[in-house]
Amino acid sequence: MNDVITIDGPSGAGKGTVARILAKRLGFRYLDTGALYRAVAWKAREENISMDDDESLRLLLQRMKISFDNERIFVDGRDISLEIRTAEIGELSSQVSAREVVRKGLYEIQRKICLEGKVVIEGRDTGTCIFPETSNKFFLDASLEERARRRFEELKHKHPNLTLEETIADLKKRDERDSSRTHSPLKRTDDMIYIDSTNMSIEEVVDTIIKNLKGIRLDPETP
Ligand code: DC
């Protein structure tokens, strides 16, 4: 099963943008696994469930229905694609993603989509836990400052009081939590191709991934 491409890496490394363009160029689907954790955090907040209340989170995962339509995500039929893109949900999703009960619940959803093939899946544990059997694993990185700068550019219109320093501090905290948690921490393994995108354009990153793909027959039309 090589038609599953996994891209892992820290917040703000550009995984989402790269995965979306790559998927389009290959004619694959795109799965943003961070959106799944954000959806759980969003729903838990709606229901006043604390991000460390494992039993309530377990029951929540059993009853909530998550679905996708291209790049939109729905919870119980409601489109929450925009609502999950706030700094607050980013922080809550990082907390909730450290709970084993949440990772277990979301594992099945991600695994099923991968088994259908032809997908670019992006997150923190997609190459280590969700689909380790693919030969196409990538780790996308960039310096903390550059990732913070990109995140700041993205958020500054919606949050005019936000500063670059706060964004750096926030990313640093999330990096530490995502890499040090007990369950499926963000980890780079030897079989991943490492790409440092600090000084690269999005197109250069996408081209590097395409050049390194194994066992995927590219359509001659692929740009
Ligand atoms: O990529 P993002 O900022 O949308 O992800 C939101 C949070 O979810 C982030 O703090 C880490 C977590 N996450 C994870 O633990 N595993 C994944 N596969 C994807 C995201």
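The values are calculated or read from the model by the stated rules, or taken from the named source; none is laboratory data. Being a predicted model, the structure only gives us computed values, none of them experimental. For neighbour counting, all protein chains shown are included, and Cβ atoms are generated from backbone atoms with ideal geometry for every residue, glycine included.
Quick notes on this one:
- Long-range neighbours under 6 Å by Cβ, at least six apart or interchain, first residue within 17 Å of residue 218 (Cβ to Cβ) and without any contact (Cβ under 8 Å) to a residue 60 or more places away in the chain within region 23-39, second of a type in the set (S, T, N, Q) and more than 10 Å from the ligand (Cβ to nearest atom): none
- Scanning region 164-184 for any residue that is part of a loop (DSSP other than H, G, I, E, B), within 15 Å of the chain's Cα centre (by Cα) and modelled with pLDDT under 95 turns up at least one such residue.
- When region 143-163 is filtered for residues that are more than 16 Å from the ligand (Cβ to nearest atom), assigned to a loop (DSSP other than H, G, I, E, B) and either at pLDDT below 90 or of a type in the set (D, E, K, R) (or both), the ones remaining, listed by number, are 156, 157, 160.
- Every test in (1) in contact with a Phe, Trp or Tyr (Cβ under 6 Å, 6 or more places away or on another chain); (2) away from the ligand (no atom under 11 Å from the Cβ); (3) not polar (S, T, N, Q) is passed by residue 63 save one, and that test is (1).
- Taking first residues from region 181-205 that are among the aromatic types (Phe, Trp, Tyr) and partners that are in a loop (DSSP other than H, G, I, E, B), the Cβ contacts under 8 Å between residues at least 6 apart in sequence or on separate chains come to 194/188.
- Residue pairs whose Cβ atoms lie under 7 Å apart, sitting 6 or more positions apart in sequence or on different chains, and linking a residue in region 121-132 that is touching a residue at least 40 places away in the same chain (Cβ under 8 Å) to a partner that is near the ligand (Cβ under 6 Å from one of its atoms) and outside any loop (DSSP other than H, G, I, E, B), are 121/33; 122/33; 123/33; 123/34; 124/178; 126/33.
- Of the residues 84, 113, 80, the single one that is closer than 20 Å to residue 6 by Cβ and touching a residue at least 12 places away in the same chain (Cβ under 8 Å) is 113.
- Search result, residues across region 119-142 that are within 16 Å of the ligand (Cβ to nearest atom) and either over 16 Å from residue 18 (Cα atoms) or in a helix (DSSP H, G or I) (or both): 125, 126, 127, 128, 129, 130, 131, 132, 134
- Any hit, region 43-57, residues being within 16 Å of the ligand (Cβ to nearest atom) and closer than 30 Å to residue 192 by Cα: no
- Tally, over region 149-166, of residues that are more than 22 Å from residue 33 (Cβ to Cβ) and buried (at least 18 other Cβ atoms within 10 Å of the Cβ): 1
- Selection count, region 185-217, where residues are at negative phi, assigned to a loop (DSSP other than H, G, I, E, B) and more than 16 Å from the ligand (Cβ to nearest atom): 11
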